[in-house]
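Report on one structure; see the data block that follows.
The values are calculated or read from the model by the stated rules, or taken from the named source; none is laboratory data. Bear in mind that the values here come from a model prediction, so they are computed numbers and not experimental data. Heads up, the Cβs are rebuilt from the backbone with ideal geometry, glycines too, and the neighbour counts pull from every protein chain shown. Please note that ligands, DNA and RNA were not included when accessible areas were found on the heavy atoms of the full protein model with its side chains. Shrake-Rupley method; radii C 1.70, N 1.55, O 1.52, S 1.80 Å.
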Amino acid sequence: MSGIAENSLRRRSVEPSQPDVKGNYKISSVSQDSAEKPYLESLGSSGHEQDGFYNNEHDMQDMHRLGKKQEFKRNFSLWSSIGFVAIYMATWEFILITLSVGFTNGGYAAMFWCFITTTLAYSTVVASLAEMASMAPTSGGQYHWVSEFSPPSYQKVLSYASGWMTTLGWLAGFASSCYTLANQIQACINVTMPDYAFTNWQITLLMWIIILVTIAFNTWGSSFFPQLETASLIGHVLGFFVVMIPLWVLCEKNTAHDVFLQFTDQSGWENMGFAYLSCQIYVLWCCFGSDSIVHLSEEVKNASIIVPRAIWWSYIGNVVFGFIMLITMLFCIGPLDPIIQSDWPFITLFDRTGSQGLNLFFNILLWILVYLGNITTLATCARETWAFARDKGLPGSTWIGRMDKKWQIPFNSVYIMSIAAALLSIIVIGSATAFSVLVSLSTLGIMTTYLISIGCVLLKRIRGESLPVARWSLGRWGMAINAFAVLYSLFIVVLCCFPLNLPVDTSTANWAPLIWVGVIILAAIAYVFHGKREYTPPVDFVEGRKAAGVGLQHSS
């Protein structure tokens, strides 16, 4: 698939593509209405803006076509962008930390084969996201794509709903990441003190500390953010070998029959087919995040080609590393039943090295790598929220969407999402289960935005309507790949509504659908009382679609 994309690269004309009144795109000259002339006159002939924010003509053309004023410095390169996505996904790390809970749904063999089928199917979603990121590289991401590519009569309401789902989905993801890190601290302690357990209020306190440190990296530490992401990529790769090699050398091995052919359903469904299918949810938890760099598109040099490359190649790299680590875990982890009953399966795995010190070292290394991903989670969450506020999609958008002119960082969006995550963490004091129920929104909400945005592009292709030029293009396979991605996304959305294990009670029920409906209702209420009046869909600023005299959009 990457070959299709790379062979289909087309250099963008100096004259950007513009949609006609039906939403189709055509090549036409750049309109320089009176509101934009002063801005355009500040651009040098080489495509560099006088303040140094632009790096090449493609970024200049993309931002002009999208109707956005450049407000970030573009300091992310290809490698720092790949590092940003790779460390957020952290596939091999999360395979060790979380994937073992899925062993009830088919055993080792089901998890092995499901990983292969799921990552292949999900790759169509990733490829579709990469192409859309090339068409419209903007921090808004999915809700912008929905606004620009959906049928005109549904653009405002669909993009507003997508914006709310994306914002709350990323917020839930950030809160969940902080919760995972707090529990990993307990896992490190349990290596030497197996009976020790944090109280719920201690977990909340740890989450607050983690949030505070993460704020520091996303504000005062922003000047070396790209370097941190490159270093994270190096740590992500080196850490893989540091953990994998000792496991193969020191652990006793399961048989190939147990790993590849022994299916065991302990999910309670008493149906191996459904147990196998439900394994996909556990696998996807380890593969989400390819679109994180999309929300930093306005900070990436040559974004319309670098962002999609970062999305695609970080996914490929993470899947390959994850596949190898999965095989390593399945062979080295030991008998199935003790693992299913264990509170910390990865500690049990590391114990099989015979070294408590090595066990503790592995746990600390995993914590550091996952925490580096937590930094990128808040950055992604804040940028998407800032972009949505720029379009007046949130109450208090003027304050939330304010850009610090000195640092070129949306401090307020960092603060508001951090405060929201800290407030969510208070739920843990009352019930850790209730908190887990709340953050389950992340998978369902984000997958829904994928479904809607890719569906809009597919609809335009089916109708024969033209799309903006994509330098990273799916070419003639675009319709087929988009169609499969839509069907697969719909399947996952439906699957997310089922309980993964039986029997079900209030503590084990899948509450994600109820929360999802609640978010939709909340978004509908917000639209009636706020969005319908205040929200400005991103398409209203797109070249060729905006009204005469409208200049480039900027934040508060």
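Computed log10 I(q)/I(0) for region 58-180 at 0.17 Å⁻¹: -1.17, from the Debye equation with unit scatterers placed on every C-alpha and solvent omitted.
Using only side-chain charges placed at the Cβ, +1 for Lys and Arg and -1 for Asp and Glu, the dipole size of the chain relative to its Cα centre rounds to 1360 debye. Just so you know, the Cα atoms of the chain work out to an Rg and Dmax of 23.3, 73 Å. If the chain linking THR98 and PHE198 were pulled fully straight, counting 0.36 nm for each residue of separation and taking away their Cα-Cα distance, it would gain 34.1 nm. Assuming charge only on the beta carbon of Lys and Arg (+1) and of Asp and Glu (-1), the dipole of region 310-447 about its Cα centre is about 640 debye to the nearest 20. Span-like helix check, the chain: qualifying full DSSP H segments, with Cα axial length of 24 Å or more and mean Kyte-Doolittle of 1.0 or more, are 107-135, 200-218, 225-250, 303-332, 441-462, 478-495. Structural descriptor for the chain: relative contact order 33 percent, calculated from alpha carbon pairs under 8 angstrom and at least 6 residues apart.
With 10 Å bins from zero, work out the P(r) of region 131-287 over every alpha carbon pair and list the percent per bin. Distribution as computed: 8, 16, 30, 28, 15, 3, 0 percent. In percent, how large is the relative contact order of region 261-367, given Cα pairs closer than 8 Å and 6 or more residues apart? Value for region 261-367: 13 percent. Which of SER413, TYR535, GLY273 sits closest to the plus end of the dipole of the chain, meaning its Cα is farthest towards the positive end, when Lys and Arg get +1 and Asp and Glu get -1 on the C-beta? Projecting each Cα onto the dipole axis, the largest value belongs to TYR535.
Per residue, the chain reaches -20000 deg cm²/dmol at 222 nm when only DSSP H runs of four or more residues are counted, each adding -39500 (n - 2.57).
Given a 1.4 Å probe and every protein chain left where it sits, what share in percent of the accessible area of region 284-347 is carbon and sulfur? Ligands and nucleic acids excluded, carbon and sulfur give 66 percent. Find me the longest stretch of the chain that has none of the exposed GluC sites (Glu not before Pro), where exposed means in a DSSP loop (not H, G, I, E or B) with at most 12 other Cβ atoms within 10 Å. So the longest stretch without any such site is 271-556. With all protein chains kept in place, the per residue accessible area of the chain amounts to 37 square angstrom at a probe of 1.4 angstrom. When a 1.4 Å probe is rolled over the protein heavy atoms, the share of accessible surface on region 403-556 that falls to carbon and sulfur comes to 71 percent.
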